[in-house]
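Some notes on the structure that comes next.
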Amino acid sequence: MDIPVYLVVGFLDGGKTNFINGILEDGFARKDRTLLICCEEGDEAYDPRFLNNVTVVNVEDEDDLKCSQLKAWEKEYRPKQVIIEYNGMWQLERLYREVLPANWVLYQIMSFVESGSFDLYAKNMGQLMMEKITNADLLVFNRCTPELAESLRKRTLRMVNRRAEIYLEYEDGTSEDYLTGDECPFDLSQEPIEIPDEDFGVWYVDVMDHPERYEGKMVHMKLVMCHSKKYPGLHCPGRFAMICCENDIQFLGLIARGDTLDQYENREWLEVTARMSVEKHKAYQGAGPVMNILSAAPCAKPAQEVVTF
């Protein structure tokens, strides 16, 4: 029998325990037997009022979190669902590959970040921090101030994880969506709109999320040529981007049309000016941005070839 697993991840002071108390209080575990695996002891404690139908087990050492141990707990406690409060210093990959039994199915991953410490963790423990973000279904930045909220929105976290629900929770207890829908990182009154080498990732996220914003606009930037293998005859120049770490580099391309594009080789650097449109294409599985090339010419590659976020 499959057992749904709710994984709560983040670093100390991220708000994981408070969140678990909240879902337990709201009846999350009142109807079915729940196993709560605590892998990190923080300042907050689980509220005993909400543990009537919950068995709490503690894991202090990462090596003690084993598949055999989880199966033993399953046999002993017969849970209908499992909540894991995961230690922020432990890598998620080991949990996925070695620890979770085959019938323990990850139902939801919820990541919590203390807003004031995000930059510090991202700088000093980037891979650990980014895996918590890239894998999340729900991402909450708590203890926000207006200044921190503005800073977080500039980080274009939607590029790191395009599927997660992302919320900013303020110190007064209120919260709001990470994206308001009104942000535009570029001056649309420019003709053409200059896309700096270091800001291609920001522009890519914005044009993919809001292609209508750029419809009819002229843009100018440097791109790497790419001819699609999946869709013969389709040109999709773009940039390579490091999404979370050096082992996770992806190509971010856009559909382009132009009479001269056939003459350029894959991975050749071009300086292009294009008029943007929004069109349906199977490569986008719907409507998406299309670059109608007005001019293209070979150029020197930028100092930083790979885009970062």
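To the nearest 10 square angstrom, how much accessible area does Leu100 have with a 1.4 angstrom probe?
Roll a 1.4 Å probe over it and Leu100 shows about 30 Å².
How large is ³J(HN,Hα), in whole Hz, for each residue of region 283-297 in order, when computed from phi with the Karplus curve 6.51 cos²θ - 1.76 cosθ + 1.60 and θ = phi - 60°, using x for Gly and Pro?
5, 8, 6, x, 8, x, x, 10, 9, 8, 5, 8, 8, 8, 8
Where in region 33-67 does the amide nitrogen come within less than 16 Å of the point 7 Å from the Cα of Glu25, taken along Cα to Cβ?
44-52
Say the dipole of the chain comes from +1 at the beta carbon of Lys and Arg and -1 at that of Asp and Glu; which of Tyr204, Ile255, Thr174 then lies farthest toward its positive end?
Farthest towards the positive pole: Ile255.
Using only the heavy atoms of the protein chains and a 1.4 Å probe, how would Ser277, Ser68, Ser151 rank by accessible area, largest first?
Numbers: Ser277 20, Ser68 85, Ser151 45 Å².
Descending accessible area places them as Ser68, Ser151, Ser277.
Once amide H atoms are built 1.01 Å from N in the peptide plane, which residues 5 or more positions from Gly288, or in another chain, come under 5 Å H to H?
Here the answer is Glu279, Lys280, His281, since their amide H atoms fall under 5 Å of that of Gly288.
Would you mind pulling out the separation of the Cα centroids of region 293-309 and region 214-276, in Å?
Using only Cα atoms, the two centres lie 9 Å from each other.
Treating each Cα of region 206-302 as an identical point scatterer and ignoring solvent, apply the Debye formula and state log10 I(q)/I(0) at q = 0.18 Å⁻¹.
Normalising to I(0) and taking log10 leaves -0.85.
Using modelled amide H (1.01 Å from N, peptide plane; none on Pro or chain starts), what sits under 5 Å from the amide H of Leu252, excluding residues fewer than 5 places away?
Those qualifying (amide H under 5 Å, at least 5 residues apart or on another chain) are Arg239, Phe240, Ala241.
I want to verify a result. In a Gaussian network model of the chain, Cα cutoff 10 Å, which of these has the top mean-square fluctuation: Asp119, Asp248, Asp209?
Of Asp119, Asp248, Asp209, the Gaussian network model singles out Asp248 as fluctuating most.
Under a 10 Å cutoff between Cα atoms, tell me which one of Gly173, Gly238, Gly201 has the largest fluctuation in the Gaussian network model of the chain.
Answer for the Gaussian network model of the chain: Gly173.
Apply the Karplus curve 6.51 cos²θ - 1.76 cosθ + 1.60, θ = phi - 60°, to the phi angles in region 116-125 and return the couplings in whole Hz, x for Gly and Pro.
Those phi angles translate into x, 9, 4, 4, 5, 5, 5, 6, 9, 9 Hz.
Scan [x] 5, 23, 27, 20, 15, 8, 2, 0; [y] 5, 19, 23, 22, 17, 9, 3, 0, 0; [z] 6, 28, 36, 22, 7, 0, 0 for the value of P(r) over Cα pairs in 10 Å bins from 0, in percent calculated from this model and give just the label.
Only one listed value fits the structure, namely [x].
With θ taken as phi - 60° and the coefficients 6.51, -1.76 and 1.60, list the Karplus ³J(HN,Hα) couplings across region 46-51 in order, rounded to whole Hz; mark glycine and proline as x.
Taking θ as phi minus 60°, the curve returns 5, 6, x, 5, 10, 10 Hz for region 46-51.
What number, rounded to the nearest 500 deg cm²/dmol, is the helix-based mean residue ellipticity at 222 nm of the chain, given -39500 (n - 2.57) per DSSP H run of at least four residues and division by all its residues?
Details: 7 runs with 59 residues, N = 309.
Calculated at 222 nm, the ellipticity per residue is -5000 deg cm²/dmol.
For Leu36, enumerate residues with amide H under 5 Å from its amide H, sequence gap 5+ or separate chain, H modeled in the peptide plane.
Amide H neighbours of Leu36: Thr55, Val56, Val57, Ile83.
The values are calculated or read from the model by the stated rules, or taken from the named source; none is laboratory data. Worth saying up front: this structure is predicted, and the values here are computed from it rather than measured. FYI the Cβ positions are ideal-geometry reconstructions off the backbone, even for glycines, and counts take in every protein chain you see. When the accessible area is computed, the model is the full protein with side chains, heavy atoms only, and any ligands, DNA or RNA have been set aside. Shrake-Rupley method; radii C 1.70, N 1.55, O 1.52, S 1.80 Å.
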